[in-house]
Structure formats: C-alpha cells, structure tokens
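Contents: one structure, followed by commentary.
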Amino acid sequence: MATQYFARPKLQLFGVSTSFVVRKIGLSDLGDALRLGWEDFKAIPTHAVVLCVIYPVLGLVLFRLVLGYSVLPLLFPLAAGFTLIGPFAALGLYELSRRRERGEEAAAWNAVQVLRAPSFGAILELGVLLLVLFGVWIATADAIYVATFGHAPAASIPDFARRVLTTPAGWSLIIIGCGVGFLFAVMSLCVSVVSFPLMLDRRASAIDAIRTSLRAVTENPIPMAAWGLVVAVLLVIGSLPFFVGLAVVLPVLGHATWHLYRKLVEPDPNPPEEEPRPPIGHRYAADFPASLFPWSHER
C-alpha cells in the first residue's frame with residue numbers, strides 16, 4: 001500500500017516548526033507496530049516491567065488511602081483509566097524504543113533520558129492534563145456507582161459480583177459506566193495518540209502536539225478506532241487476574257505506540273545534530289549512587 005501524506009503549511013515560531021506531516025496508514029500498520037513493540041519488549045523485558053508494574057500497584061494503594069474505603073467498586077474504572085494516563089506513563093518506554101531504533105544503548109537508566117527531551121516542559125503540561133482527566137473519570141465512575149447502589153460498600157467480591165451481574169441496577173451500572181468511560185477513552189486517544197512520542201522526539205508545544213494527534217485521528221479514523229479497540233481489549237486481558245498481566249501489556253503497548261507514531265508522523269527532514277557523547281568508561285563501586293544518574297556527568 002502506497003503511503004499517503006497530508007502536508008500542512010509550516011509556520012515558524014522562534015525557530016520551532018508548529019506543524020508536522022501526518023501519514024495515512026492502514027490496519028496492517030497496526031499489526032506491524034504491535035510486532036515491533038513485542039520485539040522491543042523481548043529485547044528489554046526487565047526494564048519494561050520495572051517501569052510499568054508499579055502503575056497498577058500505585059494506583060490501588062493511592063486510591064485506597066485517598067478514598068478511605070474499599071476500592072472494589074473502582075477496580076474496573078482503575079483498569080480502564082490506564083488508557084487515559086498510559087500515554088504519559090509510558091514515556092520511558094518510548095525513550096527505550098527510540099534508542100533501540102537508533103542502535104543506541106537501551107538500558108534501564110536510559111529511560112530517564114526523557115528529562116532531556118526537546119519539549120519536556122510541554123510533556124509535563126499534557127501529562128498534568130491527562131492526570132486531571134484520569135481523576136475526573138474516577139470521580140465520575142464513583143458517582144455513577146453511588147447513584148446506583150448507594151454509599152454502602154460491597155461486603156465481598158462475590159457480593160459485589162452478584163450486585164453488578166445479576167441485578168437490573170447492576171446492568172444499568174455496566175451500560176452507563178462503559179458508555180461514559182468510552183467517551184473519556186476517545187478523548188484521551190484523540191489528544192495523545194502521537195503527542196508524547198512527538199514531543200519526546202522533536203520540539204513542539206503541547207498545543208501543536210495535540211493538533212497533530214487530532215489530525216492523525218481524523219485522517220485515519222478506521223485505523224485509530226481499531227487501535228483504540230486493540231488497546232481496550234489488551235488492557236482487559238492484562239487486568240485478569242488482579243492486574244498482573246498489565247506488567248506485560250503496558251510495556252508492549254508503550255513500545256508499540258512509539259512505532260505507531262513513526263508510521264503516523266513523517267520524520268523531521270532536517271533533524272538537529274546531537275552533540276557527541278563521551279564514551280562510557282569503567283564504573284566503580286565508589287561511584288554509587290551517582291552512577292545511577294549518568295547524564296549528570298555529561299557536560
């Protein structure tokens with residue numbers, strides 16, 4: 001399939017391009033992105049798991065502490081909410097895929113090189129936006145549950161399952177909750193499908209990255225809808241049992257998102273030249289813990 005391109009006039013603001021060329025892709029490109037993401041995961045599995053397994057654990061602990069009662073009714077909303085914050089949480093994975101793509105060292109500490117991203121400030125801005133969206137979604141899901149079943153918590157997992165799966169109120173909760181969650185997921189997909197990889201790779205403001213992401217979705221509606229479905233299905237599979245599978249699903253999706261970005265956005269025709277980095281010498285025990293932060297020694 002011949003790749004089609006959608007060019008936009010390139011504006012210049014303080015020497016930074018505010019428009020990027022978006023490609024038209026097909027469904028086969030999604031499979032290729034997933035395949036490349038799996039290859040990245042196999043090449044650096046330990047690093048990916050370390051980076052991603054903390055997200056479900058941290059989410060459960062924080063909400064248990066903040067809400068002050070059982071998070072059982074929010075387990076599914078928490079799992080679904082990973083689609084909202086996943087693009088931001090996977091920054092380290094994008095960096096590892098980028099480095100591996102360029103034939104550079106892709107070790108655990110290299111993930112923190114995202115701190116040197118050309119648009120790190122814009123990354124933080126959009127990350128905060130997604131975190132707010134995640135918080136709004138959790139609050140909305142909790143409000144829907146309270147409106148359906150009241151404030152009384154479920155006595156046990158079987159009791160909760162019986163309420164949700166065998167009562168009219170439970171079916172109403174499922175339909176309304178999934179419908180509202182779908183709207184949140186579509187919003188997140190539209191604004192972030194390529195935003196974070198773009199800002200990691202090139203100089204772009206948060207607004208320009210969002211605009212590019214929106215164009216990627218509007219010009220590839222069927223592939224992007226299919227991608228959203230793939231992400232949702234894999235997250236559901238990864239959430240069983242007890243979110244353990246997310247330790248594999250999240251890194252694979254993170255790596256795959258980087259390769260999807262490469263297919264959707266035309267590379268910079270005039271990439272800036274990077275300063276040569278000094279060779280890595282021997283590391284000694286006396287260097288610990290400074291050796292955990294090798295970029296601090298660069299001049």
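Things worth noting here:
- Neighbours of Ala225 by Cβ distance under 15 Å: Lys/Arg scored +1, Asp/Glu scored -1, total -1.
- Scoring 75-83, 20-28 by mean Cβ neighbours within 10 Å over their residues and listing the highest first yields 75-83, 20-28.
- For Val193, neighbours were defined as the other residues whose beta-carbon sits under 15 Å from its Cβ, and their charges (Lys and Arg +1, Asp and Glu -1) total +2.
- By other beta-carbon atoms within 10 Å, ranking Leu183, Leu129, Leu74, Leu253 with the fewest at the front produces Leu183, Leu129, Leu74, Leu253.
- Simple label model, 7 Å out from Cα along Cβ direction - Phe120 to Val244, nm: 3.7
- Residues Glu105, Glu95, arranged from fewest to most other Cβ atoms within 10 angstrom of their Cβ, appear as Glu105, Glu95.
No value in this document is a laboratory result; all are computed from the given coordinates. This is a predicted model, so every value here is computed, not measured. A quick note on method: Cβ atoms are made from the backbone with ideal geometry, for glycine too, and the neighbour counts reach across all protein chains shown.
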